[in-house]
Structure formats: structure tokens, C-alpha cells
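Worksheet for the structure shown next.
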Amino acid sequence: MLLGVDISSWQAPGAVNYNQYDFVIIKASEGKNSKDPGLDRHLSGLFGTSDPTPQKDKCYGFYHYARPDLGNTSEQEAKSFLSYIGGQVGNCIMALDWEGDSLKYSPEWAKGWLDYVYKQTGVRPLLYIQASQAKLSKYSAIAKADYGLWVAHWGVTTPAYSNWANWAIWQYRGSPLDLDYFNGTKEQWWKYCGRDDVEVEDLNEAQTRKIADEQIAEYKKKLEKETDSSAWARMAITWAMTNGIMVGDKEGDPKSFRPKDLPTREELAQVAYNIYKNFIADR
């Protein structure tokens, strides 16, 4: 299990400590011929240099925000996406972000995008959708075509989905940064990138789920140990952090809480909003 973050131009310079995560997924584009303003900045921050030469020792990826509502075809948007990340293909995970106004359109548009990217690169991209969508049968054709699932489900211990045998990436928190788990090892990540220079052990679904559950439990234990708090509060703090209710670091460090700090009014407002967003809004 790997812990990562997905980011875009919304994250200001200095807002992300790239090195504290096992993987980073960067927004590359939106719609047709619209490069995300943060793409180059984040890639340079991740690589530690302005040289865009792929770095094989890192786990990273790029996503495209679909905009069929602008009248674009899936092929047009896929071409645009590939034009911005072309040099990284074969070393990165690729994904389509399917949410917002896109949900008014048929998943066939999304499949068309995924199909085009796969035909052009030989690498199967992932589909990012909310858990409420991942449970709908209309996405079965995408799952059957072996495009992996990146599911967003906050405030739960296990994401909900159907159609797919398992999830590849789970976005488990959305504030102050979007945080994710990858359901595998670095070598398995690189396999999703299309690399043929790595070997991974084939596991069945039960084995994969067991490993994922164990690693999530281990991560929660680590949070408890690293939290400088009174013993009676550690369970509550761990719950609040893992469910995206409250974190204490301005950079969104998932391992930081600062339990002795006093909250400001604006922080209390953010906590209330996180509770609403994670537990009420999508119910």
C-alpha cells in the first residue's frame, strides 16, 4: 500500500511537500487544448529539477479533467492530454477525471477517451469517479475493458464500488489536500505505467484485500504513535485525521496534528465544513 496525493494549479507554490508521499498525481489538462497552469511547476517540484526527463525511481502520474459539456469529443481531449505529457508515457500512470457536468453524459464518452489513450500508448489509463458512480452498472463496460478504478470515497474505512474486482487508487480524503492510497507496491504501480522492466507477484483478490487492510491498519497505528497527545484522545484523533475532518499542518502533512494547538475560528469553520462534506453532503 502506498500513500499519495493528487494536485493541480489550486495548490499554491510551497503548499505541497512532494517528498513526503509515496506517489504524486498531477493534473495535466482540462477540456481541449487547456494545459493546467500548475503542471510544469508541480513536475519540477516533484523531480527537483526543471529537466522533464522521466525519473524511473519515482511513482507519479497525470490526470485529465473531462469536459464533454464544452462540446469536445473524447478523441480531441485525449489528444490534447497526450500532447502535454507525451514524454512521460511509459513511466507514469494516466487517468481520466470523470465528475461534475461530465456525469450528465454517457460513460461511452469516457470509454472513448480511455480507448484512444490506450490505442496510442499501449498503456491502460484509470478512471476517476465518485463511489456513488462506481456502483452503477453503466460503468461495467469500462471495468470489463480492464481500465482500473480510481475511486473517491471520503469518511469511510473501505471504499464502495461495483463492476471492478478491486480498486487501484482510493482517494480517501479531500481536505486540505486530496490524499490517496494505491492498492499495491511500487513495482505494481510501475506496471500500471506500462513498464516491462519490473516484476510483480500475482495475487488473487482475497490476498490483495488482506494486504490492503493490514497496511491501512498499520498506517493508522503509526498515526497514533506519532501523535503527541494524551492516550485517551488518540483514537479520536486518528479517526479525525484518517477521515479528513482535521489535520494540523498547513501543508497538509497527513502525519501531523499538533494536538496542543488552539484552533482559530476559521479552523473551526473548516472542521464543520469537512464534517458536512465528508458525511452529509453526499448521503
Do you know which residues across the stretch 114-136 are over 19 Å from W154 (Cα atoms) and among the hydroxyl-bearing types (S, T, Y)?
Y116, Y118, T121
Which of the residues that make up the stretch 99-119 are farther than 15 Å from L136 by Cα and either aliphatic (A, V, I, L, M) or not assigned by TED's automatic domain parsing to the domain that holds E30 (or both)?
L114, V117
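Quick one: would you say V123 is assigned to a loop (DSSP other than H, G, I, E, B) and either touching a helix residue (DSSP H, G or I) at 6+ places or on another chain (Cβ under 9 Å) or not assigned by TED's automatic domain parsing to the domain that holds Q188 (or both)?
Numbers: assigned to a loop (DSSP other than H, G, I, E, B): yes; either touching a helix residue (DSSP H, G or I) at 6+ places or on another chain (Cβ under 9 Å) or not assigned by TED's automatic domain parsing to the domain that holds Q188 (or both): yes.
The answer is yes for V123.
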Name the residue, out of I142, I169, I237, that is in the same structural domain as V271 (by TED's automatic domain parsing) and at pLDDT 65 or above.
I237
Matching entry among Y147, Y128, Y116, Y139 (being crowded, with 19+ Cβ neighbours inside 10 Å, of a type in the set (F, W, Y) and in contact with a Lys or Arg (Cβ under 6 Å, 6 or more places away or on another chain)):
Y147
Enumerate the pairs (first residue in the stretch 272-283 and at pLDDT 80 or above; second residue anywhere and among the charged types (D, E, K, R) and assigned to a loop (DSSP other than H, G, I, E, B)) with beta-carbon separation below 8 Å, excluding pairs fewer than 6 apart on the same chain, so at least 6 apart or on different chains.
none
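The values are calculated or read from the model by the stated rules, or taken from the named source; none is laboratory data. Not measured: the values here are computed from a predicted model. Cβ: placed from backbone, ideal geometry, glycine included. Neighbour counts: every protein chain shown.
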